[in-house]
1. Rounded, prolate or oblate: pick one for segment A:52-169, where a ≥ b ≥ c are the square roots of the eigenvalues of its C-alpha gyration tensor, a/c under 1.5 means rounded, and failing that, prolate if a/b is larger than b/c, else oblate.
2. Based on a Kirkwood Rh over C-alpha pairs, give the Stokes-Einstein translational diffusion coefficient of segment A:156-314 at 25 °C and viscosity 0.890 mPa s in µm²/s.
3. What is the mean number of Cβ atoms from other protein chains located within 10 Å of the Cβ atom of each residue in peptide B:322-335, rounded to a whole number?
4. According to a simple spin-label model (label point 7 Å from Cα along Cα-to-Cβ), what is the distance in nm between residue B:92 and residue A:232?
5. Roughly how many whole Å is it from the C-alpha centroid of segment B:75-150 to that of segment A:258-273?
6. On the Cα set of segment B:129-209, report Rg and Dmax in Å, please.
7. Could you work out how far the C-alpha centroid of segment B:284-334 sits from that of segment A:1-65, in angstrom?
8. Give me the tail of P(r) for segment B:326-448 as a percent: Cα-Cα pairs with distance above 25 Å.
């Protein structure tokens, strides 16, 4: 049912579309390289990422710390309430500091790493399993979940769903760690079906309560900071879940879910929406679900078929997706061939634009699509563009503390001291001398690089007028022009 | 200097095209007022607004996560209640009694204060037939005012904008926060979203040559103009299938680009107005330092400043108390009551209280029986609060029975359909017919 894109249609535009959607976009040189390959090989450079070494080491705190947990427990046990509060605050400061490092660690993998498609899938799973540091309160757990998504990014659905359920961050996030007979907590049992695998209408309220009973026993060992099965918590009675009866446990629950007819179309529709930017028709999704099942519920072969399909390159799909804030930020760094701003700034940007990494708004994740765009977030994007293109002034002390991972103390306004200028676009890297001198060529080059399409006539004229007000263009003028192109509705779509 | 003049002219032109086209139709009186106000300097004066024959304002306050209504408006003398809540149950000493049988959670001193002053109505047992226990589906039902088995594309406030405010200023609906609520989704996208008024503008940081900043800003405005916005084709996908996707996933009606163009224009048009108001208008009372209080504080400023807004939307999250509910709900309800109490005091001091109605809602209440983790799971009906100068203060409707034989799957049954509350708000407060907005005629609850 899915037709392959004819090789004759493989060109600069289709290659750019693939790179935008299966990755975070890139500069013209990278698109040209992709367009020069045949479509299967081009796709392979993104999907078969295992062939590229992954050079980013894990943060040094990213491991279980039973000694630390024990020490904190003992200190808290012997402390007065006031001391206990201080202990807790100190611990949270460390955790927040690590969270920031974790965000920078991940964003740089997306912006600079050799495996953009893998990171795009990690971002999908993060939005799908939507777990928040707000409740988990532990950076190691958040990192661990992120690594799980990376390891199984394009693997098998049942395996991923099982590991995601037993993942410490998830066990905390949806209260499964505390669920025990005889009053099982229904939080995970409900959301695993409603939001992660089947969707409303494909299970009953009885399946929720019986599933919750079957899942009891899945729990967390807070000392060794890993999953543990607690037989005493487990409800050993007979349950009936999605039509199967017996003394079911959590693994049975996941297996039964994945075997449902509704399971494949649920996840394929969500993946299509994520990559193509709109809901698939029922007919298209039927074909997608078939392809997923035929490939044993494995994501990579399914996604290869999807990205190779003619449907994916339909004119209603191309340049008709709102960039998510992460896509917008990371894509800008890739397209302008510049570094991301310091993580403390990236954190603030993403929070304002509505996609706080490791802190989705709720278990449903980010709504995405046009919900990314409101009058507020649009103005925020326009103003953030200035920071990315022109750089930013950052308090020196804050920057140093961040680079050395030492928590800041004291009054920010007094202790943070002088500001230093960081980041910004190097116009010599992305524009030839001719493009920097000749205003018409500059306008054309910026549209080609930033939009892969054209501005409307009035917009191009306004940009031209802005440049023509100068006799000779200096760097600040060129940066301002780049920013103006980013301050258009056109730059917000991909 | 020259730039400034062209700027002014172009904006006026823009506004006339977008708003003026609507004026050629016959429109409700408030719209004409709105339009006139927009073009008059006097509209910026709070005095004018207070004394004028001005339109009513609705403030919708969402309590997101599913508030435990049973521990909010507490039937503390009820045996079934005490049996179902061995750990979480509140005693006579732990409630603010309203009538000897029912009392507010003790954190709601702010609400008790408003209740005693005759400014607060409790609508008891609000819900809908065939309740859904999913946060997202149930929120969607509340936001779109649909039946539980139907999916509506647009929000109930969006349909109000479509029906009653065609061609209004974009600030007719103002959401405080970054994310547009689903209830605002409309055929013609209407309403703005506002988080921080200081940043609600195009800014030009960095070092520029003299005059360049003006030029930059002017270029930005030109590159975001869309003079044909008002004539653009309406959303043709209305009522279309939502396919296999989870309900509520926003889908663009027309092209994505068109939606962003429209938003860019609204941002440009509302930015000057809002910043001017925030710079000029001061709050009359001090507010607690919580996020909800900060949001309501901003709403009070915008009301005093005379923004032509009919609906404000604020939200407070965190009510999904599956675990250790007692402390969490205590904190949230205190935040809620104190923030609303300060807001009402501010409006009163402004002389605007008689124009404003606050309505709270939550997507569902919670299970009657507490769970083993010191929390409660998703339930069904719960109370709503309606607050204002002219409300019929007291308890409206009937407290649903907690007797086990009267429960459905462990949940209380609703006694008032939430759409009756909406109908009451639309008809008696916003002065518009509710049936075209709610799909059919619901009994309009007498709220004011």
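Where a number appears in this text, it was derived from the coordinates with a stated rule and is not lab data. All values derive from a computational prediction rather than experimental measurement. We place every Cβ from the backbone using ideal geometry, glycine too, and count neighbours over all the protein chains shown.
1. Numbers: a/c = 2.58, a/b = 1.92, b/c = 1.34.
Prolate shape, in that a/c is at least 1.5 and a/b is the bigger ratio.
2. On the way: Rh = 16.5 Å.
It comes out at roughly 149 µm²/s.
3. Values: counts 8, 8, 1, 0, 0, 0, 0, 0, 0, 0, 0, 0, 0, 0.
Across B:322-335, the average partner-chain Cβ count within 10 Å equals 1.
4. 4.0
5. 37
6. When restricted to the Cα atoms of segment B:129-209, Rg and Dmax are 16.9, 65 Å.
7. 45
8. Values: 2851 of 7503 pairs.
For segment B:326-448, the share of Cα pairs beyond 25 Å comes to 38 percent.
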